[in-house]
């Protein structure tokens, strides 16, 4: 049985069959980024010092922030403007193929990030850890790479991320998938440690 996919934005309904890359399991849905993520917000550095996350702060192998920089507010770069929240995911707009992507834990919720990142924060549609695994997936990273523009610092835009189609399972299934991935990752880390 064949199905068609339709998208309703405002009062306009459009068939998006040409954009659907693969079939989803039952109860999963396709969702644009702007329907899954909160709007990004700006935050100016205040006080004497602030904690700043730029591209160099990311460990792109383990997808985590390893060294936020403590900088004097008076010396903060103009790019220090992105507000983050606990459970946000930072996705580098510059050279996304390098996978400078990181999950923000509670300890870094008051940091300020570079405008070189898109800040993915769930609006409730995505379980935060599932959102992290989704944004680090081959499907998302390789798909967004196709939108890169520029020669010296090839980049994608905020709109590329917010207009992208994301495969979303029911919320409870997102939690189960995330927990299972975490188990696999621990097993792999244990194997790697034993080989070293």
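Among the candidates 115, 162, the residue that is touching a residue at least 40 places away in the same chain (Cβ under 8 Å), under 16 Å from the mean Cα position of the chain (by Cα) and farther than 22 Å from residue 23 by Cβ is uniquely 162.
Per-residue answers, yes or no, for (1) in contact with a helix residue (DSSP H, G or I) (Cβ under 7 Å, 6 or more places away or on another chain); (2) under 28 Å from residue 176 (Cα atoms); (3) modelled with pLDDT of 95 or more; (4) assigned to a strand (DSSP E or B):
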residue	(1), (2), (3), (4)
1	no, no, no, no
39	no, yes, yes, no
44	no, no, no, no
70	no, no, no, yes
74	no, no, no, no
78	no, no, no, no
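For residue 144, the test of being in contact with a helix residue (DSSP H, G or I) (Cβ under 8 Å, 6 or more places away or on another chain), over 25 Å from residue 76 (Cα atoms) and without any contact (Cβ under 8 Å) to a residue 40 or more places away in the chain is failed. Against the criterion of being touching a strand residue (DSSP E or B) at 6+ places or on another chain (Cβ under 7 Å) and under 24 Å from residue 96 (Cβ atoms), residue 152 does not qualify.
The values are calculated or read from the model by the stated rules, or taken from the named source; none is laboratory data. It should be emphasised that the depicted structure is a prediction, and the values quoted were computed from it without experimental measurement. Note that we place each Cβ from the backbone using ideal geometry, even for glycine, and neighbour counts take in every protein chain shown.
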